[in-house]
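*Asks:* This structure is in structure tokens; I'll ask about it shortly.
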Amino acid sequence: MASSHATGSGVATIVAEAVARHRQGDLDAAERLYRAALERHPGHFDALHLLGVVLHQAGRHEAAAELIARAIAQNPRDPAAHTNLALALRKLGRLGEALASTERALALAPGFLQAQNNRGNVLRDLGRHGEAIASYDRVIAANPRHAGAIRNRAGALLEIGRAEEAQAGFAQAIALDAGDADAHCGRGNALAALGRIDEALAEYGHALASDPGHVDALNNRGSLLLLQRRPAEALAHFEQAIALRPGDAGILNNLGIAQGELGLADEALASFDRAVAARSDYAEGWFNRGAVLLERKRHEEAAAAFARAVDLAPDYPYAAGQLLHARMLCCDWEGVAPLLARVGASVRAGQRAIEPFAFQGLCDDPADLARCAALFAAERFPAHGEPLWRDVRYRHEKIRVGYVCGEFREHATSLLMAGVWESRDRERFDIVAFDNGHDDGSDLRRRIAGAFDEIVPIAALDDARAAAEMRAREIDVLVNLNGYYGLGRQGVFARRPAPVQVNYLGFPGTLGAPYFDYLVADRHVIPPEDAGHYVECVVRLPGSYQANDDRRAVDAREPSRADEGLPDGAFVFCCFNNSYKITAEVFDVWMRLLARVPGSVLWLFETTAAASRNLRREAERRGVAGERLVFAPYRRAAAHLARHRLADLVLDTLPYNAHTTGSDALWAGVPIVTCRGRAFAGRVGASLLHAVGLPELVAESLAGYETLAHTLATDRAALAAVRAKLARLRAGCALFDTARFTRNLEAAFAGMWARHEQGLRPAAFDVDE
């Protein structure tokens, strides 16, 4: 007995020392001492139980649960042990067992508040928020100053969308314990959900002041800094967070987003790779990996990443659509038809399956396109609850027009618009550019700078600050030149910084957002019977809706066919449209034309090696030698225009026609054969050809398109007559009369403004010459 007592006394001393070290936070020393005690007494309840607690605190939850369960086997009536077992089981995701452990603890000690609070936490994890809140309420009823239960209750409220109550609850917890970093972080989350971003940032700051290593506060604050277009600061937060929690897929994903915003594409891709390596089933990580690969023009790899995201989460927002777009960009048409059918059905069912820009390359139904745009606008860019312009009447001598664009540089949009800005009526209009891009130092940028009264950089400003810049300048008519294309800023328009807001040029279709008043079009792209598919009021210009610059330079030196890899004496069909516009159906027509016109070739723009390879493969499948497809590399604008003259006939695409590329061909003197589609994007070719005076080159079906192209390719006299007519009409036609077009566009803006000044609601109208 004495020996046994001596052994027990020695174990008690060791356990007491272990508890002391444990309370001091020295987990390593505590673990060594608890293990020493167990060597002497393997069934010692306190040593087993508290060693389990140490391992749980160290993140070794499996071992912790096993040790605490052994302790409970020694003493099944200890409520603290059941509660601590529940904590370890919760971390392991064994939520049913964790809930049973908390309930066993409460059966043993009904007033045990820690067990009741932990029960609430497990119920939250199970999605049983009502029961969780009831558990927290019991704790708070017993102890109204229980800051942990008040904080956890607020967290449950936030998870069920009751953000205002949640932020008040977190504030109550903070009042009881100002140093509670979790409560500050939770309140930051609630304020962010309420759109009170500056307050949320401050709350995360308080959390980090209390605990500089609070990973959630670092991560969430970084996410809000991204929203405020402060990617460098966001990056610093994510780097700190991932250093503290190295394998966290969500933080790695956010890190990649910040790197991408800073133009660090390689680093972003590496972060997304780490995210999906950490969690192979992480659909968001795969989706973002695809997005950065798409931006890098690695379209086949992007398609594989999007396909993985779709496999993991078939309804992941926009993933199926991005998969379609990536495949179209690299002209990989395998499986496109059934996937498109699925995406179309999803759009009609009100699901976020595809982004509007990608859909335009595949869909010819204006009703479906309108649904897609409306879904996208409502989810990504909802109207702000507090519009900046609130029925204030401006008193300006001139109409102030603001253009919002990310491409005030050597880019298609500015190539079309530069002459219009230079030709504006300075007696009637002031114009301001709100630049969401950058100055590329080009001659075109210098022309743009000379045309505008002011260029306001907004790329580094969040939507609120960018909109405030526009409101401060009292812009009368604010024009969105991007829409869902390029470096757009749709969120700025959602804040209504101007009384009249216009969708023009960059996106050929409705933006689906109620804060746009007008869309500038013409009678060809939006006939009157289609107006119901547009939320904007349609203003139709005479001629074409598309601006053109009649000062565009064409290199005087015309390259030879040999320079461009084209065979002498061949009939050259040409299409310089982007690869995503080339559908299998249109390609079938092209291959039949090559087969029917001996010695002809098809001259295409080279977007990527993958697209060229796949198109040659598709030609071979259709019985046409792959070498009859010739790919044109990038050339600067003037040289690109000059090489058009080597082509005999340009072939258009459907359902997305040539737009700028169509005007390029006509300006260079090369006729284009188009097929009129059903939606705006597929009717631009008809608009251009009517405005240039060649309506006979507009077919109403693909069969008619094929017949017309074949006729011109085999009747050289007919083709020569068309080319001569184009040469004769080009200089004086509506399409290339920049001064005339500018007057018409300004008349449209003046008409919009006049209705506003008269207190009339926006309404459709036609501009007369």
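The values are calculated or read from the model by the stated rules, or taken from the named source; none is laboratory data. Since the model is a prediction, treat every value here as computed from it, not as a measurement. Note that each Cβ is placed from the backbone with ideal geometry, even for glycine, and that neighbours are counted across all protein chains shown. Surface areas here come from the heavy atoms of the whole protein model, side chains and all, with no ligands, DNA or RNA. Shrake-Rupley method; radii C 1.70, N 1.55, O 1.52, S 1.80 Å.
*Asks:* Of the numbered conditions (1) open to solvent by less than 10 Å² (accessible area, probe 1.4 Å); (2) more than 34 Å from the chain's Cα centre (by Cα); (3) of a type outside the set (Asp, Glu), Val554 satisfies every one except a single condition; which is it?
*Replies:* Result: Val554 passes all but (1).
*Asks:* Here is a list: Glu355, Glu379. Which entry is within 16 Å of Tyr515 (Cβ to Cβ) and in contact (Cβ under 8 Å) with a residue 12 or more places away in the chain?
*Replies:* Glu379
*Asks:* Still on this structure: Could you pull out the residue among Arg740, Arg728 that is under 40 Å from the mean Cα position of the chain (by Cα), open to solvent by 10 Å² or more (accessible area, probe 1.4 Å) and farther than 20 Å from Ala632 by Cβ?
*Replies:* Of Arg740, Arg728, the one residue that is under 40 Å from the mean Cα position of the chain (by Cα), open to solvent by 10 Å² or more (accessible area, probe 1.4 Å) and farther than 20 Å from Ala632 by Cβ is Arg740.
*Asks:* Restricting attention to the range 678-714, which residues are outside any helix (DSSP H, G or I) and of a type in the set (A, V, I, L, M, F, W, C)? First the steps, then the outcome.
*Replies:* Step one: of the range 678-714, the residues outside any helix (DSSP H, G or I) are 678-679, 683, 693-694, 698-701.
Correct list: Ala679, Leu694, Val698, Ala699.
*Asks:* Quickly run through the range 619-639 and pick out the residues that are assigned to a helix (DSSP H, G or I), open to solvent by 10 Å² or more (accessible area, probe 1.4 Å) and free of Cβ contacts under 8 Å to residues at least 40 places away in the same chain. Break it down into steps so the answer makes sense when it comes.
*Replies:* Narrowing the range 619-639 to residues assigned to a helix (DSSP H, G or I): 619-621, 626-628, 637-639.
Next cut, open to solvent by 10 Å² or more (accessible area, probe 1.4 Å) only: 620-621, 627-628, 637-639.
Glu620, Arg621, Glu627, Arg628 - these are the residues of the range 619-639 that are assigned to a helix (DSSP H, G or I), open to solvent by 10 Å² or more (accessible area, probe 1.4 Å) and free of Cβ contacts under 8 Å to residues at least 40 places away in the same chain.
*Asks:* Now a separate question. One residue is enough: does the range 522-545 have a residue meeting the conditions within 23 Å of Arg643 (Cβ to Cβ) and not small (Gly, Ala, Ser)?
*Replies:* Checking the range 522-545: not a single residue is within 23 Å of Arg643 (Cβ to Cβ) and not small (Gly, Ala, Ser).
*Asks:* Pull out all pairs, ordered by first then second residue, where Cβ-Cβ is under 7 Å, the residues are six or more apart or on different chains, the first lies in the range 17-38 and is without any contact (Cβ under 8 Å) to a residue 40 or more places away in the chain, and the second is of a type in the set (Phe, Trp, Tyr).
*Replies:* Close Cβ pairs satisfying both conditions: Ala18/Tyr34.
*Asks:* So, one more: For the range 386-409, give me the residue count where each residue is closer than 19 Å to Met752 by Cα and open to solvent by 50 Å² or more (accessible area, probe 1.4 Å).
*Replies:* Selection size over the range 386-409: 8.
*Asks:* Turning to a different aspect of this structure: Could you please let me know if Ala373 is of a type in the set (Gly, Ala, Ser) and surrounded by 19 or more Cβ atoms within 10 Å (Cβ to Cβ)?
*Replies:* Numbers: of a type in the set (Gly, Ala, Ser): yes; surrounded by 19 or more Cβ atoms within 10 Å (Cβ to Cβ): yes.
Yes.
*Asks:* Looking at the range 604-618, which of its residues are open to solvent by less than 30 Å² (accessible area, probe 1.4 Å), assigned to a helix (DSSP H, G or I) and of a type outside the set (A, V, I, L, M, F, W, C)?
*Replies:* If the condition is that a residue be open to solvent by less than 30 Å² (accessible area, probe 1.4 Å), assigned to a helix (DSSP H, G or I) and of a type outside the set (A, V, I, L, M, F, W, C), then Ser612, Asn614, Glu618 are the ones that fit.
*Asks:* Does any residue of the range 591-603 turn out to be open to solvent by less than 20 Å² (accessible area, probe 1.4 Å) and assigned to a loop (DSSP other than H, G, I, E, B)?
*Replies:* Residues of the range 591-603 that are open to solvent by less than 20 Å² (accessible area, probe 1.4 Å), as a first pass: 591, 593-594, 597, 600-603.
If we keep only those that are assigned to a loop (DSSP other than H, G, I, E, B) too, we end up with 597, 600.
Checking the range 591-603: at least one residue is open to solvent by less than 20 Å² (accessible area, probe 1.4 Å) and assigned to a loop (DSSP other than H, G, I, E, B).
*Asks:* Mind checking whether some residue in the range 541-549 is under 24 Å from Glu397 (Cα atoms), in contact with an Asp or Glu (Cβ under 9 Å, 6 or more places away or on another chain) and open to solvent by less than 10 Å² (accessible area, probe 1.4 Å)?
*Replies:* No, the range 541-549 contains no residue that is under 24 Å from Glu397 (Cα atoms), in contact with an Asp or Glu (Cβ under 9 Å, 6 or more places away or on another chain) and open to solvent by less than 10 Å² (accessible area, probe 1.4 Å).
*Asks:* What are the pairs with Cβ atoms under 6 angstrom where one residue, in the range 438-458, is free of Cβ contacts under 8 Å to residues at least 60 places away in the same chain and the other, located anywhere, is open to solvent by 10 Å² or more (accessible area, probe 1.4 Å) and part of a helix (DSSP H, G or I)? Sequence gap at least six, or different chains.
*Replies:* Sorted first by the residue in the range 438-458, then by its partner, the pairs are Asp439/Arg445; Ala451/Glu422; Val456/Glu469.
*Asks:* Report every pair of residues separated by at least 6 positions or lying on different chains whose Cβ atoms are under 6 Å apart, first residue within the range 729-751 and modelled with pLDDT under 95, second open to solvent by 10 Å² or more (accessible area, probe 1.4 Å) and not aromatic (Phe, Trp, Tyr).
*Replies:* none
*Asks:* Mind checking which pairs have a first residue in the range 481-502 that is on the phi < 0 side of the Ramachandran plot and in contact (Cβ under 8 Å) with a residue 40 or more places away in the chain and a second that is polar (S, T, N, Q) and in a loop (DSSP other than H, G, I, E, B), Cβ under 6 Å, 6 or more apart or different chains?
*Replies:* Every condition considered, the pairs that remain are Leu487/Asn436; Gly488/Asn482; Arg489/Asn436.
*Asks:* If you don't mind, another one. Report, ordered by the first and then the second residue, all pairs with beta carbons closer than 6 Å, sequence separation of six or more or different chains, a first member in the range 341-352 that is farther than 14 Å from Pro314 by Cβ, and a second member that is open to solvent by less than 90 Å² (accessible area, probe 1.4 Å) and part of a loop (DSSP other than H, G, I, E, B).
*Replies:* Val347/Ala353
*Asks:* Right, Ala709: farther than 24 Å from Arg540 by Cα, touching a strand residue (DSSP E or B) at 6+ places or on another chain (Cβ under 7 Å) and of a type outside the set (Lys, Arg) or not?
*Replies:* It is true that Ala709 is farther than 24 Å from Arg540 by Cα, touching a strand residue (DSSP E or B) at 6+ places or on another chain (Cβ under 7 Å) and of a type outside the set (Lys, Arg).
*Asks:* Which is free of Cβ contacts under 8 Å to residues at least 12 places away in the same chain and under 17 Å from Ala171 (Cα atoms), of Ala200, Ala209, Ala193?
*Replies:* Going through Ala200, Ala209, Ala193 in turn, the sole match is Ala209.
*Asks:* Which one of Gly247, Gly260 is open to solvent by 20 Å² or more (accessible area, probe 1.4 Å), small (Gly, Ala, Ser) and either in a loop (DSSP other than H, G, I, E, B) or in contact (Cβ under 8 Å) with a residue 40 or more places away in the chain (or both)?
*Replies:* Only one candidate passes the filter, namely Gly247.
*Asks:* Give me a count of the residues in the range 567-590 that are open to solvent by less than 10 Å² (accessible area, probe 1.4 Å), among the hydrophobic types (A, V, I, L, M, F, W, C), touching a helix residue (DSSP H, G or I) at 6+ places or on another chain (Cβ under 6 Å) and assigned to a loop (DSSP other than H, G, I, E, B).
*Replies:* Count: 1.
*Asks:* Among Ala278, Ala302, Ala313, which is the only one that is more than 30 Å from Ala464 (Cβ to Cβ), in contact (Cβ under 8 Å) with a residue 12 or more places away in the chain and crowded, with 19+ Cβ neighbours inside 10 Å?
*Replies:* So the residue among Ala278, Ala302, Ala313 that is more than 30 Å from Ala464 (Cβ to Cβ), in contact (Cβ under 8 Å) with a residue 12 or more places away in the chain and crowded, with 19+ Cβ neighbours inside 10 Å is Ala302.
*Asks:* Please list, ordered by residue number, the strands (runs of 3 or more DSSP E) wholly in the range 443-536 having 2 or more residues that are surrounded by fewer than 24 Cβ atoms within 10 Å (Cβ to Cβ).
*Replies:* Correct list: 454-457.
*Asks:* Ok, one more. Scanning the range 752-769 for residues that are assigned to a helix (DSSP H, G or I) and of a type in the set (D, E, K, R), which turns out modelled with the highest pLDDT? Explain how you work it out, then say what you get.
*Replies:* So the first thing to find is which residues in the range 752-769 are assigned to a helix (DSSP H, G or I), and the list is 752-757.
Of the ones still in play, those that are also of a type in the set (D, E, K, R) are 755, 757.
On the way: Arg755: 97, Glu757: 94.
Per the stated criteria, the residue is Arg755.
*Asks:* Answer yes if at least one residue in the range 659-671 is open to solvent by 10 Å² or more (accessible area, probe 1.4 Å) and touching a Cys at 6+ places or on another chain (Cβ under 7 Å), and no otherwise.
*Replies:* Checked the range 659-671: no residue is open to solvent by 10 Å² or more (accessible area, probe 1.4 Å) and touching a Cys at 6+ places or on another chain (Cβ under 7 Å).
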